[in-house]
Every structure is written in C-alpha cells, then in structure tokens.
Amino acid sequence: MSLTFHWFLPTNGDSRHVVGGGHGTPATVSGRDRPPTVAYLSQIARAAEDLGFVGALTPTGAWCEDAWLTTAMVSQHTERLKFLVAFRPGFVSPTLAAQMASTFQRQSGGRLLLNVVTGGESHEQRAYGDFLDKDARYRRTGEFLKIVRGLWEGGTVDLDGEFLKVEDARLARVPDPVPEVYFGGSSPVAGEVAAKHVDVYLTWGEPPAQVAEKIAWVRALAEKEGRTVRFGIRLHVITRDTSEQAWAEAQRLLAGFDPATVQSVQAGLARSESEGQQRMLALHGGGRDGLEIHPNLWAGIGLVRGGAGTALVGSHDEVAERITEYHRLGIDEFVFSGYPHLEEAYWFGEGVLPRLAARGLWQHPFAARPAPSAQVPFAS
C-alpha cells in the first residue's frame with residue numbers, strides 16, 4: 001500500500017517566516033509577505049501535483065480566504081491534484097452543501113475531498129451567526145453528515161432532527177465519485193461522529209504514543225458501528241540534506257517569533273474550547289525551551305499558530321524514519337506544510353519521497369510521472 005501525502009494551500013498568506021494565527025486569532029503580519037492570490041496558490045498547487053502529492057488542504061475560518069471559492073479557482077490551473085476543502089457544517093444547509101460538492105466533482109473531474117470542521121471556538125462561531133455550544137455543534141455535524149451522505153447515495157432524505165430538518169430533499173445529480181470525508185476532534189462526542197460518518201480521521205501531530213491512543217479509541221468506536229476508518233496526521237515539515245541544516249532552519253524561524261506576538265497568540269489560544277488545541281498547547285507550555293518533544297518532532301510552530309503546531313524536523317532520512325514510525329501505528333495519510341510552502345514542497349518532494357519510495361512505502365500517484373531521484377549531499 002502506498003502512503004498518501006497531501007500538501008497545504010496557505011490561503012492566509014505565505015512567508016519565509018511562520019504565518020501565525022488561527023483558532024480565533026488573526027493571521028500575523030508575515031502573512032502579507034506573499035498574499036494568497038490565485039496565481040501564487042496555483043504555483044504551489046502545480047508544484048505539489050508534479051512532486052506527487054495527492055491533494056492540498058485549505059483551511060477555514062475568519063483568518064483566511066474562503067476555501068470553496070479559492071479551490072474552485074485554483075482547480076482550473078491544475079490537472080490532477082485534489083482539494084481537501086475545509087468547511088464548517090453549521091454555516092450552510094446540508095442539501096446545499098451536498099449540491100455544491102456534487103457540482104465541484106463534475107466541474108473539477110472528481111477532485112474534491114471534504115474536511116469537516118465542526119468549529120472549536122464559540123466566539124468565532126457567533127460571528128457567523130452560530131450560537132450553539134461545542135457539544136451541540138458536534139451533534140449537529142452528525143445530523144448534517146447523515147443528510148449529506150443520504151443525498152449522495154441518490155436517495156430522498158427526510159429528517160426532523162435536534163438541529164436540522166429537511167423534507168423531500170434530493171439531488172438532481174449525485175457526485176461521481178462521492179467525495180471522501182475527513183474529520184478531526186478529540187472530545188468524546190467528536191469520536192462518536194467520526195465512528196459513524198467519516199472516511200478518514202485526522203489528528204494533529206502529537207507524539208507517537210498519544211497518536212496511538214487516538215487511533216485505538218476511534219478504531220474501537222468505529223468497530224462498534226460496523227465500520228472501518230482510515231487515519232491521517234497533520235504536520236508541518238522542515239527537511240534538509242543534513243539534520244544540522246534542518247535544525248538551523250527551525251532555529252531561524254524561532255528567532256523570528258516576536259515575544260509580544262507569542263504572548264498575544266498564546267493568550268488567545270488559551271481561551272480555545274478545542275480539546276485538540278489544548279493538547280497542542282500542552283506540548284510546548286508557551287516556552288521556547290524543550291521544544292523537541294519526540295525525536296525530530298518540534299512544537300515550536302504552535303507558539304504563534306493555532307491548530308497544527310508541530311513539525312517534523314531533520315534530515316531527509318530522519319523525516320522518512322519518523323513517517324515510517326507513524327505509519328506503523330496505523331497512519332496512512334499525511335497532510336504537510338512548510339514555510340514558504342512553495343520551496344518546502346520541493347525540499348520534501350525531492351528529498352523525502354524518493355526515500356520512502358525506496359522503502360516500498362510510496363509511489364508517485366500519477367504513473368506517467370516518475371518519482372524524483374533522491375537528492376544526496378555532495379561529498380566534500
């Protein structure tokens with residue numbers, strides 16, 4: 001089985017420094033270095049496509065451009081790359097969302113994946129007119145996905161739920177193929193939604209022991225529902241020809257973190273209702289020391305960025321070994337990003353992917369395009 005790799009479209013802006021924000025906090029000023037224009041995002045998408053990434057994740061929230069509209073535009077400048085579109089089910093009717101997904105599939109040639117984000121920050125949800133508490137939002141997500149999946153199957157859906165009600169709902173044209181649903185969440189009610197409705201459960205980049213616990217938890221819940229779920233992980237990456245070069249880049253990024261920005265972002269994230277976000281914060285504790293929390297796993301990104309806050313840092317061989325370690329736990333899909341996203345895609349695609357191919361863990365998803373040769377440092 002070939003591992004699946006996705007890249008990231010920085011619709012909040014890109015930079016040679018970390019673009020912070022998210023989870024209810026605004027994007028940091030570094031996001032203005034490379035604005036998220038369609039031209040620049042398409043450049044990243046085409047690079048990811050050529051290198052062998054299957055898809056590209058786009059975030060959702062007030063800190064970034066709308067994922068649906070942006071990916072629809074970028075899809076017209078690519079050929080095969082899929083788009084893992086993050087969206088919040090409380091902001092649009094399930095019937096309309098099912099119709100939008102169906103249209104996207106037809107117009108893009110079947111290149112839509114859906115990342116369902118329930119929303120962990122009540123104050124941000126209220127700005128969009130959503131006043132449910134977090135547990136209620138997850139229960140609504142379950143109803144939402146039940147309706148959407150019923151429509152995608154070509155049926156007529158009637159549901160009078162706790163939050164959602166539809167009558168005689170039906171799609172004129174169902175999507176082909178049906179988009180796969182990705183989803184993450186660390187609370188008990190999130191696990192229930194994942195077990196019943198999703199194809200891929202995503203976790204942020206915690207140390208392997210914690211990831212193993214999450215996999216066992218969701219897998220057991222899914223088995224009770226008579227279902228199987230695949231597992232993915234969301235990480236940043238800093239990979240270079242040598243370990244010393246990679247860690248020097250991590251230290252360069254860390255040196256660029258303004259103390260006032262770190263303090264402001266950490267104060268904002270401390271209010272987060274997301275259990276996953278609180279787990280991320282616990283990995284670094286707001287300090288700059290002891291950030292390598294597992295070999296080659298660095299928690300520095302989380303000092304200024306909400307959501308995914310850890311990065312794999314090391315030589316190409318070391319990063320390949322960490323990916324293999326997560327795969328042994330049950331992780332089959334990896335969603336990576338790096339600063340800047342264009343250049344870091346090449347570091348990973350030309351440095352790490354060939355090494356995984358040599359291990360028999362990866363092959364280029366587009367057979368007509370051979371995997372790049374491994375880049376080996378020149379002898380001195």
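The values are calculated or read from the model by the stated rules, or taken from the named source; none is laboratory data. Predicted model only: the values in this text are computed from it and were never measured. A quick note on method: Cβ atoms are made from the backbone with ideal geometry, for glycine too, and the neighbour counts reach across all protein chains shown. Surface accessibility is based on the protein's heavy atoms, side chains included, excluding ligands, DNA and RNA. Shrake-Rupley method; radii C 1.70, N 1.55, O 1.52, S 1.80 Å.
With every protein chain in place, what's the accessible area of M73 (1.4 Å probe, Å², nearest 10)?
100 Å²
Tell me the mean residue ellipticity at 222 nm calculated for the chain from its helices only (DSSP H runs of n ≥ 4, each -39500 (n - 2.57), averaged over every residue, nearest 500). Provide the component values of the computation, followed by the final result.
Values: 13 runs with 156 residues, N = 380.
Value at 222 nm, helices only: -12500 deg cm²/dmol.
Tell me the net charge near S30. Cut-off is 11 Å between Cβ atoms, S30 excluded, with +1 for each Lys or Arg and -1 for each Asp or Glu. Provide the component values of the computation, followed by the final result.
Values: positive: R16, R32, R34, R305; negative: D14, D33, D258.
Cβ neighbours under 11 Å give a net charge of +1.
Just to confirm a number: summing +1 for Lys and Arg and -1 for Asp and Glu over residues other than K224 whose beta-carbon lies under 12 angstrom from that of K224, what do you get?
Details: positive: K196, R219, R227; negative: E192, E223, E225.
Within the 12 Å Cβ shell, the charges total 0.
Label points 7 Å out from Cα along the Cβ direction at Q278 and S2: separation in nm?
Each label point lies 7 Å from its Cα, and together they span 4.1 nm.
Just want to confirm a number: the relative contact order over region 173-227, from Cα pairs under 8 angstrom separated by 6+ residues, in percent.
Numbers: 45 pairs, mean separation 19.6, N = 55.
So the answer I get is 36 percent.
Around T324, what is the net charge, scoring Lys/Arg as +1 and Asp/Glu as -1 over all other residues with Cβ under 15 Å from its Cβ?
Working: positive: R322, R328, R355, R359; negative: D317, E318, E321, E325, D332, E333.
Neighbour charge sum, excluding T324 itself: -2.
If you take every DSSP beta bridge whose two residues both sit in the chain, what share of them, in percent to the nearest 5, is antiparallel?
On the way: 9 of 45 bridges.
If we restrict to bridges inside the chain, about 20 percent are antiparallel.
Kindly report, to the nearest 10 Å², the accessible surface of H123 as traced by a 1.4 Å probe over protein heavy atoms only.
80 Å²
Considering Cα pairs under 8 angstrom that are at least six residues apart, work out the relative contact order of the chain and quote it in whole percent.
Details: 757 pairs, mean separation 76.4, N = 380.
That works out to 20 percent.
Please find the FRET efficiency linking F131 to A255, where r is the Cβ-Cβ separation and R0 is fixed at 41 Å, and quote it to the nearest 0.05.
Computed FRET efficiency for F131 and A255: 0.45.
Whenever you get a sec, line up D158, D176 from highest to lowest accessible area (probe 1.4 Å, protein heavy atoms).
Numbers: D158 105, D176 125 Å².
Reading off the accessible areas and sorting them downward yields D176, D158.
Taking the Cα centre of the chain as origin and charging only Cβ (+1 Lys, Arg; -1 Asp, Glu), how large is the dipole, in debye to the nearest 20? Please report the intermediate quantities before stating the final value.
Working: 37 positive and 44 negative charges, 71 e Å.
So the dipole magnitude of the chain works out to roughly 340 debye.
Would you please classify the overall shape of region 57-182 from the alpha carbon gyration tensor, given that a ≥ b ≥ c denote the square roots of the eigenvalues, rounded means a/c under 1.5, and beyond that prolate means a/b larger than b/c while oblate covers the rest? Before the final figure, lay out the partial values.
Working: a/c = 2.36, a/b = 1.14, b/c = 2.06.
The shape class here is oblate.
How high is the relative contact order of region 40-136? Use alpha-carbon pairs under 8 Å, at least six apart in sequence, and give a whole percent.
Working: 117 pairs, mean separation 24.6, N = 97.
Relative contact order comes out at 25 percent.
So for the chain, if I pair up every lysine 8 or more residues apart or on another chain, how many of those pairs have alpha-carbons under 25 Å apart?
15
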